[in-house]
Amino acid sequence: MEHFPHISANSEIFVLTGAGISKESGLDTFRDNDGLWNNHRVEDVATPEAFTRNPSLVYDFYNNRRRELNNGTKPNKAHLDLVELEKTLKINVITQNIDNLHEIAGSSSIIYIHGELNKARCIQNDTHIHYWTDDLDETHQCSDCGSQMRPHICWFGEMPFQMDEIHQKAEQSDLFVSIGTSGEVYPAAGFVSMFKKMNKPTVELNLEPSRNQDQFDFAIHKPATVAVEEFKNLVLKNIK
């Protein structure tokens, strides 16, 4: 598709966001050359086995990230431009990020597929979820049942959150937009294929082409703050 897809005034847009959108707010990404994975093996900080083997290391890893997030980190222009689009269209944000920058920016429909850094949950009952901005360790107890708590994060090997709701959003949406994601982590990397099978247009906004770039009908390869603004302007120009 050489031309920007047709957007009608009553369209819904399914927006998948990844680390690339948060990086411009100063948050480290996992997969960049200078990212978090370089200092920590996935197997040591982001699996259920790691938590069983060395819970203190896992707690410390997420405590450090939570402190970083809550130490004045603010949404950037890309987050705010998505909120601006909400004045015209229904925007469904499905984020792989565990920060709350979309929420702070003002997005009204957000699904956190990989969990939320500012929440903790009970290890005995995963419906016992608590807002949490302080450090977390093995001494903290669930206020509902007294059990130990863990970060409210979807680790590798666990089922991502709200998948049924995500599929419902996809069926309702008219356009798929991927922002700042590498296309390497499933199931999110497979969302573009889902839209292709439904014959719905797909757009990539990323610093560089993703691993599944061939499945996108239209792309802008620039930093998220630039690409999302250009996308917003194209939408508003082409809306019918």
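Throughout, read-outs are computed from the coordinates displayed, never taken from laboratory work. As the structure is a prediction and not an experimental result, all values here were calculated from the model. Please note: Cβ atoms are built from the backbone with ideal geometry, for glycine as well, and neighbour counts cover all protein chains shown.
From the P(r) of the chain, can you give the percent of Cα pairs sitting at distances over 29 Å?
29
Given Cα positions, please report Rg to Rh for the stretch 107-218, the hydrodynamic radius being the Kirkwood one.
Here Rg/Rh amounts to 1.07.
Using only the alpha-carbon atoms, how far is helix 55-69 inclined from the longest principal axis of the chain? Give it as 0 to 90 degrees, nearest 10.
For 55-69 against the chain, the angle is about 50 degrees.
State log₁₀ I(q)/I(0) for the stretch 68-140 at q = 0.18, 0.28 Å⁻¹ as given by the Debye formula over alpha-carbon point scatterers of equal weight, solvent excluded.
-0.79, -1.34
Treating the angle as unsigned and between 0 and 90°, give the value, to the nearest 10°, between the Cα long axis of helix 224-238 and the longest Cα principal axis of the chain.
40
How high is the FRET efficiency from Phe156 to Ser193, r the C-beta distance, R0 25 Å, rounded to 0.05?
The formula returns an efficiency of 0.75 here.
Name the residue from Ser108, Thr73, Thr47 whose Cα lies farthest towards the positive end of the charge dipole of the chain, charges +1 on Cβ of Lys and Arg and -1 on Cβ of Asp and Glu.
Ser108
With a 10 Å cut-off between alpha carbons and a GNM built on the chain, which of Asn125, Asn212, Asn70 moves the most?
Looking only at Asn125, Asn212, Asn70, the largest GNM fluctuation is found for Asn125.
Which of the cysteines found in the chain have nothing to pair with, since no other Cys Cβ lies under 4.7 Å from theirs?
Isolated Cys, the chain: Cys145, Cys154.
Too long at a 21 Å Cα-Cα cut-off: which of Lys169/Lys237; Lys87/Lys237; Lys119/Lys222?
Those over the limit are Lys169/Lys237; Lys119/Lys222.
Given points 7 Å out from each Cα along the Cα-Cβ axis, report the Cys145 to Glu165 separation in nanometres with one decimal.
So the two model labels end up 2.1 nm from each other.
Just need the relative contact order of the stretch 64-163 here, percent rounded to a whole number, with Cα pairs under 8 Å and 6+ apart.
Once normalised by length, the contact order is 24 percent.
How far is helix 163-172 tilted, in degrees, relative to the longest principal axis of the Cα atoms in the chain, given as a value from 0 to 90 rounded to the nearest 10?
Tilt of helix 163-172: around 10 degrees.
Calculate the translational D of the stretch 164-214 in whole µm² s⁻¹ from Stokes-Einstein, where the hydrodynamic radius comes from the Kirkwood formula applied to all Cα pairs, the temperature is 4 °C and the viscosity 1.567 mPa s.
115
Over the chain, what is the relative contact order in whole percent, taking alpha-carbon pairs under 8 Å and six or more residues apart?
Dividing the mean separation by the residue count of the chain yields 26 percent.
I'd like the FRET efficiency for Glu12 and Leu57, computed as 1/(1 + (r/R0)^6) with the beta carbon distance as r and R0 of 41 Å, rounded to 0.05.
With a Förster radius of 41 Å, E is 0.50.
With Rg and the Kirkwood Rh both taken from Cα atoms, where does Rg over Rh land for the stretch 1-144?
The Rg/Rh ratio comes out at 1.02.
Sequence gap at least 6, Cα distance under 8 Å: using those rules, report the relative contact order of the stretch 159-209 to the nearest whole percent.
Dividing the mean separation by the residue count of the stretch 159-209 yields 44 percent.
When His167, His79, His40 are ordered from fewest to most other Cβ atoms inside 10 Å of their Cβ, what list results?
Arranged by neighbour count, lowest to highest, His167, His79, His40 become His167, His40, His79.
What trypsin sites (Lys or Arg not before Pro) in the stretch 87-139 are in a loop by DSSP, with at most 10 other Cβ atoms within 10 Å of the Cβ?
The qualifying sites are Lys87.
Can you tell me the dipole magnitude for the chain around its Cα centre, using point charges on the Cβ only (Lys, Arg +1; Asp, Glu -1), in Debye to the nearest 20?
Using Cβ point charges on Lys, Arg, Asp and Glu, the chain gives about 520 debye.
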